[in-house]
Amino acid sequence: MRRHLQSRISQSLFAGVLALAVFVVGHNLYFLLKYGSDYASDIARTGDGSSWNSTIQFVLAAAALLATVAILRLVFLLRQVRRSDIRPQVTGLSGATYLRAVVPVWLKLLSASILLFVLQENFERLSAGLPMPGLSVVGTIGLKSPVLVFALVSLAFALVVALFRLGIDSLEALIAQARTRSWSQAPTIHRPSPAESAPESVIGRNLAGRAPPCFLPA
């Protein structure tokens, strides 16, 4: 139960950091495309300032830490496979399997990052004394909409995350299969039955080889 809870917490933390990373990258990329080289002064005018820069640094550092943890986990599993007697057959990754792994992650990151973008922009304008734009910050679906930017950024993140997940899952499955096979092939200890383990009498062994005594009539 505790292990399951820890796994859920770590997965939620990982997903949250990923959504924040997509949000900050997509946010800055959108304003860079919208305002050009002067985007820093333009986003500061709408409420982004030093606090936003600190947020970017913190989120990107957390994302880099999670990426490092994922890489170390992958390296550890690869070493476990090489040290064991596993001889996996090298097969290519099918496009359907990869697509099924990418799409859910992409949709979750896209929806979460757009929601964070709407909340952030409304809060910043409220803090700067400007009227809140509501959902109008998203604009229309098109080249000038942040939806396209966040869709591309979240897709790039999802492609990388799916590769890591598929690699880690396949290595863990190989290791589990090897452990199950080693347990099933373990030699069994023969325990003798009570009749086999009973000490054999020397007198009984000698009598067993002789005929019963013949009693002659008197």
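Taking region 121-140 as the range and being part of a loop (DSSP other than H, G, I, E, B) and either within 37 Å of the chain's Cα centre (by Cα) or under 19 Å from F23 (Cα atoms) (or both) as the test, the residues that pass are P133, V138, G139, T140.
If you check T91 against the conditions, is it within 18 Å of S170 (Cα to Cα) and either modelled with pLDDT under 80 or charged (D, E, K, R) (or both)? So T91 fits the description; yes. Exactly one residue out of R45, R8, R2, R73 is basic (K, R) and modelled with pLDDT of 85 or more: that is R73.
The values are calculated or read from the model by the stated rules, or taken from the named source; none is laboratory data. Here the structure is a predicted model, which means the values were calculated and not measured.
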